[in-house]
Amino acid sequence: MTYLTATADTLLADGQKSADVTDWAGRVGWIVGLLLFVTLVYWLMREGWKWRGTLQSGLPALPGVPEDPAEPSLTLTGRYHGSTTAGQWLDRMVAHGLGTRSRAELSLRPAGLTVERQGAPDFFVPTAALRGARLDKGIAGKVLTENGLLVVTWAHGDTLIDSGFRSERAAEHPAWVAALNAASGIPAQNHPTTTTEGAAR
């Protein structure tokens, strides 16, 4: 009887070990499948990014930041959240590093708007290329609070571009909207401070 009990216990233990092996195999299979799925998604995103860059290959190189001894009338420290075709908040621009989100410092001088970025190319928007500014809540897949984003519209070649920034001090945004619209030649009474939901989307 003791022998039968020991044998039963051994078989049960062997069964438990087999079950454990089967569970591990299933887990490894799930992990491998998940890794393959993530890799596929990443590859598709990368290919989409490259395809979008090819479509935008005709966009001229961005103006470099000029030497300008003038003191800036406004400065801003915050983040650059991306650029899109003007009026198309999901049509992301990726050519010339415009699609790279980064820390940014903005300076507004009589010559134009300087955008200095960390880990991405700096660029310059001449005053003659400025087309206005507004407050909005989203750009290029990034959604913030209502009026939490400073959107600058500017012309580059034949393309109108919206670029989105957020200051570390959001209370600065209205002053930037007013100054950029004034630099663009928009009369003060016509300054668009915000975009209506219908117009923005």
Filtering the stretch 46-89 for residues that are open to solvent by 70 Å² or more (accessible area, probe 1.4 Å), of a type in the set (Gly, Ala, Ser) and at pLDDT 90 or above leaves a count of 1
In the stretch 109-119, how many are small (Gly, Ala, Ser) and either touching a residue at least 60 places away in the same chain (Cβ under 8 Å) or in contact with a strand residue (DSSP E or B) (Cβ under 6 Å, 6 or more places away or on another chain) (or both)?
-> 2
From the list 117, 103, 92, pick out the single residue that is open to solvent by 30 Å² or more (accessible area, probe 1.4 Å) and within 23 Å of residue 179 (Cβ to Cβ).
-> 103
Residue under evaluation residue 112, criteria (1) surrounded by 15 or more Cβ atoms within 10 Å (Cβ to Cβ); (2) under 24 Å from residue 174 (Cβ atoms); (3) touching a Gly at 6+ places or on another chain (Cβ under 6 Å), criterion not met = (3)
Contact list, first residue from the stretch 120-141 and at pLDDT 95 or above and aliphatic (A, V, I, L, M), second anywhere and open to solvent by 50 Å² or more (accessible area, probe 1.4 Å) and assigned to a strand (DSSP E or B), beta-carbon distance below 6 Å, six or more apart or interchain, is 135/194
Residue 163 fails exactly one of (1) surrounded by fewer than 18 Cβ atoms within 10 Å (Cβ to Cβ); (2) modelled with pLDDT of 90 or more; (3) of a type in the set (Gly, Ala, Ser); (4) out of contact with any Asp or Glu (no Cβ under 9 Å at 6 or more places or on another chain), namely (1)
Would you say residue 141 is open to solvent by 20 Å² or more (accessible area, probe 1.4 Å), within 16 Å of the chain's Cα centre (by Cα) and closer than 16 Å to residue 95 by Cα?
-> no
When the stretch 145-158 is checked residue by residue, the ones that are open to solvent by 40 Å² or more (accessible area, probe 1.4 Å) and in contact (Cβ under 8 Å) with a residue 40 or more places away in the chain are 147, 157
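The values are calculated or read from the model by the stated rules, or taken from the named source; none is laboratory data. Note that the structure is predicted; figures quoted are calculated from it, not measured. So basically every Cβ, Gly included, is an ideal-geometry build from the backbone, and we count neighbours across all protein chains shown. For the accessible areas, the whole protein counts, side chains as well, though only heavy atoms, and no ligand, DNA or RNA atoms are used. Shrake-Rupley method; radii C 1.70, N 1.55, O 1.52, S 1.80 Å.
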